[in-house]
Amino acid sequence: MSRFINDQRGYNLFEMVCVIVIIALLAAIIIPGYISMINQAKKQAMVNDARSFYIAAQAVATQKKAAASEDHPYTIPTAEDIRQYVDGDEMYKGVTELTVIDHDKDGTIDAITFKKNGDTVELDAGDKVRVNGKDAPLATPSSKEAQ
């Protein structure tokens, strides 16, 4: 019976503190990287949305320019015009503003700007992308394959 009473298996306080410190250090290293990765993925998704909006706006602008006449002049595509060309409800979810820019009204879209979930994305005809005022890369399948 005394053998069971004196049997002191388990971890002492120092060992437990060491384990907790190691876990805290690993969390401090891993969590910021994980959050950064999530933010980059969200930014890239917004850039992809911008590209889809731009392509849809260009398709609508081309149709409108081809159908334009003196009685029905060309008008710059609106967000509602573009909706039929993109995955409407899912892609528009969180979009509070979508602006299509065609300075010359020649049927060639110069740029688009949209606000989604508090972030602003600008895409111009030369594929220059800015997210919240900072340049962002426009990932394409060919650029990923080259890496």
Problem set entry | Close pairs (8 angstrom Cβ cut-off, 6 or more residues apart or separate chains): at pLDDT below 80 in region 65-92, of a type in the set (Lys, Arg) and part of a helix (DSSP H, G or I) anywhere | TYR92/ARG83
Seminar exercise, completed: For region 48-82, the count of residues that are β-branched (Val, Ile, Thr) and out of contact with any strand residue (DSSP E or B) (no Cβ under 8 Å at 6 or more places or on another chain) equals 4
For this session: Please specify each residue of region 86-103 satisfying the condition of being β-branched (Val, Ile, Thr) and closer than 9 Å to LYS116 by Cβ.
Result: VAL95, THR96
For this session: Answer yes or no as to whether THR99 is within 17 Å of GLN44 (Cβ to Cβ) and of a type in the set (S, T, N, Q).
Result: no
For this session: Could you please give the count of residues in region 51-68 that are in contact with a Pro (Cβ under 9 Å, 6 or more places away or on another chain) and within 14 Å of VAL86 (Cβ to Cβ)?
Result: 5
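Output the residues belonging to region 95-136 that are polar (S, T, N, Q) and farther than 15 Å from ILE76 by Cβ. It would help to see each step written out before you state the result.
Looking only at region 95-136, we keep the residues that are polar (S, T, N, Q), and these are 96, 99, 108, 113, 117, 120, 132.
Listed by number, the residues that qualify are THR96, ASN117, THR120, ASN132.
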Exercise. Is there a residue being in a loop (DSSP other than H, G, I, E, B) and surrounded by 14 or more Cβ atoms within 10 Å (Cβ to Cβ) anywhere in region 38-61?
Worked result: no
Exercise. Does region 135-147 include one or more residues that are assigned to a strand (DSSP E or B), out of contact with any Pro (no Cβ under 7 Å at 6 or more places or on another chain) and at pLDDT below 85?
Worked result: yes
For this session: Report, by residue number, each residue of region 85-109 that is within 21 Å of the chain's Cα centre (by Cα) and not hydrophobic (A, V, I, L, M, F, W, C).
Result: TYR85, ASP87, GLY88, ASP89, GLU90, TYR92, LYS93, GLY94, THR96, GLU97, THR99
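The values are calculated or read from the model by the stated rules, or taken from the named source; none is laboratory data. On a predicted model such as this, the values are computed, not experimentally measured, just so you know. We place every Cβ from the backbone using ideal geometry, glycine too, and count neighbours over all the protein chains shown.
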